[in-house]
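Notes for the one structure printed next.
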Amino acid sequence: MKLTDNTQTVTGMSDGKLNQSHVDGSDFIKETEDKKLRFSSSKFFRFIHGKGIRKIRQGADFDLVLVQDYIVSKISTSEVKEIVLNYVKTLENDRLTDYILNKTVLFSLKYLDAVETIKPKMHRDKPGESFFYFQNGVVKVTAKGIQPPIPYRQFKRLIWKDHIISRTFNDETDIETTPPMFQDFISKLSEGNEERFKRICSVMGYCLFDYKTSATSRAVIINDEKVSSAPEGGSGKSLIVDALSKFRKTALFDGKKFDAKADFVWQKIDESVRIVGIDDVKRGFNFEDLFSIITSGFRNINKKNRDEIELSVEESPTIVITTNNILKGNSGSFLRRQHQIEVFQFFSNKLTPLDYYESTFFSDWDENEWRRFDVFMLNCVMLFLMHGVTEYQEKNPQQKELIRETNQSFAEWIEDNLELLTAFEGVGTIQTRDSFLDATNQRFTSLSDRKFTNYVKAYCQIYGYEYVALSNMRPRGFRISQKSE
């Protein structure tokens, strides 16, 4: 981070606005006429204060921040030292410089705890209004359109520095004649289906809209259309999360190693993170572990060597999960906590986006492609603000519903053994359960005959079969049959 003098000094905050006045304290260190060095702690903190340095409490701990022209950034003690040294060096007195260099206590957290505490009201989206912070100003998006950038000095709201997008916004593009590469990519993932395309776009708009309540909070799940026991991956799901991260601060997690119950699993999360991306979660991922976070926020974020912090649902980031599998859970409790999108596998390990477009997304783009991308993504936000998350009927809904009710192994096994289960003489429950476990290499898995029976009944309910218990059979058994009209 490049540290510069504050052009507008800060003395306090009220309702997220800055109160400004002249604060000096620049003579906190000086050499007297008799060559003695004088250091004043009170003047030192006035000087620190005048440079825009404050602290934000996090339980018993705190973060140092630098506030410059309504832009707030977290800084380290070494960066505070750099600000002070840059000033002292202008005094052109080596004794003063040496004093600051050797007085390490001045830049300890214990000493800097005397810095003024603030509770900044950081700017966020409002109902019906979404804001994006570009280099040339703040762009406001509503259902009616995209407004020109507002200069930061005119906007006058506190914004995290790491929320500022490293691009200027310009909506004067050839997007009408030359569709953005990323728009074409989303079209490919939609198999050219307009409703499916709008679904993906509106969900991306939902992710970028930085306003939610317990009633509207959802996790986003991105999975493949095709269900397979040996998924290939490479369909492009992760590129969607990557695209979102170009607009909102994102914390990424490796889904294969992810454990929602681990002590420090969320330590990357703080009040400035807007999206959590959990990439490629493994089969058996327990979505229920996220229930309370989705509806109530990140209530217990453990950080190593620091106090826990809490984020309300309004302050919490949106969770986006990519997976090659169908996540288990089909009850209302599961469905009302998620927005799902499925992608058509136009791309694969055999045909990657790089192969098709002959360009690496984001890193190979020129200025015009970035402009098209920015306009397209903000149009997705506008679509969401107009219509919410749009509807689309997923492919193979019965198969996916069965997987959510049972598991993928059972869903594949029962289709292969349907002729056996529909035989008039029936099958033994325990024998058939053991056959299922053997066939799917789960012989040492604990699966009660009651749970297995519930799996079979779930299949019957979803596919329109009737479960017939054969009470006279020893050991007890069952068969399934087509329901009579």
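Values quoted throughout were computed directly from the atomic coordinates according to the rules given, and no laboratory measurement underlies them. Everything quoted here is computed from the prediction, not taken from an experiment. Here Cβ is always computed from backbone atoms with ideal geometry, including for glycine, and neighbour counts include all displayed protein chains.
Points to keep in mind about this one:
- When the chain is described by a simple charge dipole with +1 on each Lys and Arg Cβ and -1 on each Asp and Glu Cβ, the residue from Val427, Leu383, Phe285 located farthest towards its positive end is Phe285.
- Value of relative contact order over the chain, rounded to a whole percent, pairs C-alpha under 8 Å and six or more apart: 14 percent
- Too-long pairs where the Cα-Cα distance tops 18 Å, listed order kept, from Lys74/Lys126; Lys188/Lys350; Lys282/Lys457; Lys55/Lys140; Lys126/Lys212; Lys246/Lys395: Lys74/Lys126; Lys282/Lys457; Lys55/Lys140; Lys246/Lys395
- Of the residues Leu101, Leu64, the one with the fewest other Cβ atoms within 10 Å heads the list, and the complete ranking is Leu101, Leu64.
- Peptide ranges 202-213, 151-162 listed from the most packed, as the mean C-beta count within 10 angstrom indicates: 202-213, 151-162
- Around the Cα centre of region 284-363, unit charges on the Cβ atoms of Lys, Arg, Asp and Glu (plus for the first two, minus for the last two) sum to a dipole of about 200 debye.
- Under the shape rule built on the C-alpha gyration tensor, where the axes satisfy a ≥ b ≥ c, region 406-482 is oblate, since a/c reaches at least 1.5 while a/b does not exceed b/c.
- The chain: antiparallel DSSP beta bridges as a percent of all, rounded to 5: 60 percent
- When peptides 280-290, 413-423 are ranked by their average number of other Cβ atoms within 10 Å per residue, the highest-first order is 280-290, 413-423.
- Residue-by-residue Karplus 3J(HN,Hα) for region 147-158, coefficients 6.51, -1.76, 1.60, Hz, glycine and proline x: 8, x, x, 9, x, 4, 5, 7, 5, 6, 9, 6
- Extension reserve of the Thr104-Ile56 stretch, reckoned as 0.36 nm per residue once the Cα distance is removed: 15.1 nm
- Simple point charges give the picture: +1 on the Cβ of Lys and Arg, -1 on the Cβ of Asp and Glu, and for the chain a dipole about the Cα centre of about 1720 debye.
- No Cys partner within the rule (Cβ under 4.7 Å), the chain: Cys207, Cys460
- Per residue, the convex hull spanned by the Cα atoms of region 12-112 amounts to 110 cubic angstrom.
- Near the amide H of Ile221, within less than 5 Å, lie the amide hydrogens of Ile321, His339, Gln340, Ile341, all on another chain or at least 5 residues away, with H placed in the peptide plane.
- Qualifying aspartates and glutamates (Cα of each under 14 Å from Cα of Lys400; at least 8 residues distant if same chain): Asp224, Glu225, Glu342, Glu412, Glu415
- With R₀ set to 51 Å, the beta-carbon distance separating Met473 from Asn286 gives a calculated FRET efficiency near 0.90.
- Residue-averaged 222 nm ellipticity for the chain, from DSSP H runs of 4+ at -39500 (n - 2.57), nearest 500: -9000 deg cm²/dmol
- Global geometry of the chain, whether rounded, prolate or oblate, following the gyration tensor of its Cα atoms and the 1.5 cut on a/c: prolate
- Here the label points at Ala439 and Ala262, each 7 Å from Cα along the C-beta direction, are separated by 3.6 nm in the simple model.
- Rounded, prolate or oblate (a/c below 1.5 giving rounded, otherwise prolate when a/b exceeds b/c) for region 99-168 by Cα gyration tensor: prolate
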